[in-house]
Every structure is written in structure tokens, then in C-alpha cells.
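Beneath this line is the structure, given in C-alpha cells, with notes to follow.
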Amino acid sequence: KNNSITTALTHQVGQNFQKLQDKRIEAVEDYWSRILLMKSTVPAVVNLSYNILLEEELTVEKLNNTKSNFGQLITQISQRDFTNELAQYSDQIAKHRPFLSDKLWVLMFAYSGFIGRSVYILIDGYEKGEIKYWKKDDGIDQILSTALNEKELKYIKSLKIHSFDSMLQLLENKILNEINRLISSEDFTNNSLEELKKINSILDQGKKSSA
């Protein structure tokens with residue numbers, strides 16, 4: 001009798017596991033697509049300014065004197081439209097929250113926060129006549145500290161060019177690693193095994209009590 005109960009419970013655990021896995025896979029697929037959409041919100045001129053200009057070159061004067069007139073392109077960016085679009089993708093991820101790990105949730109906020117703050121300080125700095133490079137911004141440091149350790153942050157900041165893209169790539173790699181860990185179901189499998197052990201222990205105790 002106990003064997004049949006164990007078999008039924010094991011089957012139930014397996015079914016629950018598969019349902020959760022299906023939901024997790026659906027959630028992380030949509031999560032990743034939204035992450036890529038967040039990346040696409042970065043205006044091309046912001047991306048180029050951060051990636052091809054050295055820190056000391058990122059000045060209002062330099063932006064106004066580029067062949068493509070980066071300064072004029074920056075003035076054409078709608079900060080409101082950019083912010084709304086970025087927030088929209090974060091909001092769309094929220095519906096998957098029950099099936100995402102805490103780490104993926106934190107990484108999403110670090111990713112969107114880094115993009116949002118970096119775009120904002122460039123536009124705001126240009127309008128005010130003095131640009132603060134993203135590496136020197138305390139707000140960005142605070143955002144990234146939730147997802148990166150000091151060594152990782154220091155390394156990216158040491159890069160002379162393409163540091164902006166490199167930061168996005170580092171965060172994306174962390175996201176992908178966590179997605180792989182999540183869908184490999186190590187934690188869920190371990191929890192399931194512990195539950196089965198508890199079930200068997202209860203059944204064993206029942207046996208002894210009825211003996």
C-alpha cells in the first residue's frame with residue numbers, strides 16, 4: 001500500500017515539476033526577448049558616443065563638431081518617449097515574476113536602470129553644457145552594485161572604448177547564466193527529492209505506528 005502511495009505522490013511531483021518547467025521556459029523566453037528590446041531603445045547616437053569616444057572626448061564641443069553632428073541628433077531624442085518605451089518592457093516582464101528567480105528580477109532592474117540612467121545623463125549633460133561620463137555617475141554605480149561585484153565593475157570601467165557595450169554584454173551574460181541555471185531545475189529537483197524523503201519518512205512512521 002505504501003509503495004502505491006509513494007508511486008502516486010512521485011507521479012504527482014513529476015507532473016507539478018513539468019508544469020512549472022513549462023511556465024518557467026515560457027517566462028524566460030519572453031523575459032529575454034524584452035531584455036533585447038530594452039537594448040534596442042538606446043538611441044544610436046548615445047551608443048556611438050559612449051562606445052567610440054574616449055571619456056575626455058565626450059564633451060559638448062566634440063559632439064557638435066563630429067561629421068554626423070552628434071549634438072543635433074541628441075537634441076532630437078525625446079526623453080519621454082524613450083523612458084516610456086523602456087518602462088513598458090519592464091512592465092511586460094512583471095507578469096512573469098512568479099516564474100523568475102530573484103536574481104533574474106534584480107538583473108532586469110540593473111539592466112534597464114543602467115540603460116535609462118546612461119541615456120538620461122548624456123542628454124541632460126548636453127543640454128546643460130557639461131557632460132558627465134557614465135563611469136563617473138554615482139547613480140549608475142548604485143544601480144550596478146546590485147548585480148556586479150567590485151572587480152567586475154572596475155574591469156569594465158578600465159576599458160577605454162566600448163565600455164558601454166561591454167557593460168551590457170556582461171549583464172546579458174549574467175542573465176543567460178541565470179536562465180540556464182533556472183531551467184536546469186537544480187533547485188527544484190533538490191526540493192522535490194527532499195519532499196519525497198519527507199513523504200517516505202512519514203509513511204515509515206505510519207508503518208511503525210500500525211505495527
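The values are calculated or read from the model by the stated rules, or taken from the named source; none is laboratory data. Keep in mind it's a predicted model, so treat the numbers as computed, not measured. We place every Cβ from the backbone using ideal geometry, glycine too, and count neighbours over all the protein chains shown. Areas reflect the complete protein model, heavy atoms only, side chains present, ligands, DNA and RNA absent. Shrake-Rupley method; radii C 1.70, N 1.55, O 1.52, S 1.80 Å.
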Next on the checklist: Show me the helices (runs of 4 or more DSSP H) entirely contained within the stretch 98-181 in which 3 or more residues are more than 23 Å from Glu56 (Cβ to Cβ).
Outcome noted: 102-128, 150-158
Checklist entry - Among the residues of the stretch 91-130 satisfying the criterion of being in contact (Cβ under 8 Å) with a residue 60 or more places away in the chain and of a type in the set (D, E, K, R), which is surrounded by the most Cβ atoms within 10 Å (Cβ to Cβ)? => result Lys103
Item to check | Pairs, first assigned to a loop (DSSP other than H, G, I, E, B) in the stretch 51-62, second of a type in the set (S, T, N, Q), C-beta under 7 Å, six or more apart | outcome: Leu58/Ser49
Next on the checklist: If the requirement is being under 16 Å from the mean Cα position of the chain (by Cα) and modelled with pLDDT of 95 or more, which of these qualifies: Phe82, Phe99, Phe114?
Outcome noted: Phe114
Checklist entry - Exactly one of (1) open to solvent by less than 60 Å² (accessible area, probe 1.4 Å); (2) in a helix (DSSP H, G or I) is unmet by Val42. Its number? => result (2)
Item to check | Scan of the stretch 146-176 for residues that are among the polar types (S, T, N, Q) and out of contact with any helix residue (DSSP H, G or I) (no Cβ under 9 Å at 6 or more places or on another chain), ordered by number | outcome: Asn149, Ser158, Gln169, Asn173
Checklist entry - Since Tyr133 meets every condition but one in (1) without any contact (Cβ under 8 Å) to a residue 40 or more places away in the chain; (2) within 25 Å of Asn173 (Cβ to Cβ); (3) more than 16 Å from the chain's Cα centre (by Cα), which condition does it not meet? => result (1)
Checklist entry - Just to be sure, is Gln88 at pLDDT 95 or above, surrounded by fewer than 15 Cβ atoms within 10 Å (Cβ to Cβ), more than 29 Å from Arg181 (Cα to Cα) and not charged (D, E, K, R)? => result no
Checklist entry - Considering the stretch 60-76 alone, what residues qualify as being hydroxyl-bearing (Ser, Thr, Tyr) and either within 30 Å of Phe99 (Cα to Cα) or buried (at least 17 other Cβ atoms within 10 Å of the Cβ) (or both)? => result Thr66
Item to check | Criterion violated by Lys19 - all others in (1) free of Cβ contacts under 8 Å to residues at least 60 places away in the same chain; (2) under 30 Å from Lys136 (Cα atoms); (3) not acidic (Asp, Glu) satisfied | outcome: (2)
